[in-house]
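Encoded as structure tokens, the structure appears first; notes follow it.
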Amino acid sequence: MSQLRLLPVVMEGFSIRPTLAASGLKIALQGSADMEARPSLSQFVPQAHEEAKRLAVTEVFVDVHELYFINSVCLKSLVVWIDLLANVEPNNRYRLTFLVNSHLHWQDRSILALQRMAPDIVRVANWKGE
């Protein structure tokens with residue numbers, strides 16, 4: 001397995017932590033994705049997409065179970081990611097699986113809307129722990 005070329009992003013109140021496992025690429029978003037987080041997230045998304053393609057993973061897990069807030073601008077970064085993925089040839093496409101926290105009700109509305117956008121690309125699953 002190749003080495004991961006994505007660096008974590010850690011700032012006050014928000015972090016992005018990528019890891020590589022046998023099951024695929026995992027990206028944990030934690031904290032509050034607000035206006036302060038927007039530049040980091042919008043820069044990270046295309047890098048993560050390119051890294052997933054380079055590694056030829058079949059699935060990228062976006063763990064949002066500890067993401068307590070996301071504003072519309074940051075949510076748009078996730079929409080951009082789905083759009084980038086939709087423009088990849090189907091044979092070379094990976095699946096985006098969002099691991100959600102059922103106790104955070106905003107995730108039901110927002111993350112499920114992402115799945116409805118691209119049901120063949122996006123999957124939503126309840127986070128079950130490590």
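At a Cα cut-off below 23 Å, give the lysines reachable from K128, other chains included and same-chain residues fewer than 8 away excluded.
Those lysines meeting the cut-off are K26.
Where in the range 90-130 does the amide nitrogen come within less than 19 Å of the point 7 Å from the Cα of S72, taken along Cα to Cβ?
Under 19 Å, as judged by backbone N against the label point of S72, lie 106-117 of the range 90-130.
So what is the calculated 222 nm ellipticity per residue for the chain, using -39500 (n - 2.57) for each DSSP H run with n of 4 or more, over all residues, to the nearest 500 deg cm²/dmol?
-11500 deg cm²/dmol
Less than 12 Å Cβ to Cβ from F14, Lys/Arg counted +1 and Asp/Glu -1: what total charge do the surrounding residues give?
Around F14, the charge tally is -2.
For a quick check: with amide H placed at 1.01 Å from N, whose amide H comes under 5 Å from L67's, ignoring anything fewer than 5 positions away on the same chain?
Residues meeting the amide H criterion: G31.
Based solely on C-alpha atoms, express the radius of gyration and the Dmax of the range 38-126 in angstrom.
Taking only Cα atoms of the range 38-126, I get Rg and Dmax of 12.5, 36 Å.
Run through the DSSP bridge list for the range 9-126 and note the antiparallel percent, rounded to the nearest 5.
40
Where in the range 67-85 does the amide nitrogen come within less than 11 Å of the point 7 Å from the Cα of R38, taken along Cα to Cβ?
Answer for the range 67-85: 71-77.
Per-residue counts of other Cβ atoms within 10 Å, averaged by peptide: what ranking do you get for 110-122, 51-63, highest first?
Output ranking for 110-122, 51-63: 51-63, 110-122.
Provide the FRET efficiency to the nearest 0.05 for the S2-R95 pair, computing r from the beta carbons and using R0 = 22 Å.
0.70
Using θ = phi - 60° and the Karplus form 6.51 cos²θ - 1.76 cosθ + 1.60, what ³J(HN,Hα) does each residue of the range 63-75 get, whole Hz, x for Gly and Pro?
8, 10, 5, 10, 9, 8, 7, 9, 8, 5, 5, 6, 4
Taking the alpha-carbon centroid of each part, what is the distance from the range 69-130 to the range 17-64 in angstrom?
A separation of 11 Å, based on Cα centres.
Calculate the spin-label point distance for E12 paired with R109, positioning each point 7 Å from the Cα along the beta-carbon direction, and give it in nanometres.
2.9
Bear in mind these aren't lab numbers, they're just calculated from the coordinates by the rules spelled out. Predicted model, so just to flag it, every value in this text is computed and none were measured. Note that each Cβ is placed from the backbone with ideal geometry, even for glycine, and that neighbours are counted across all protein chains shown.
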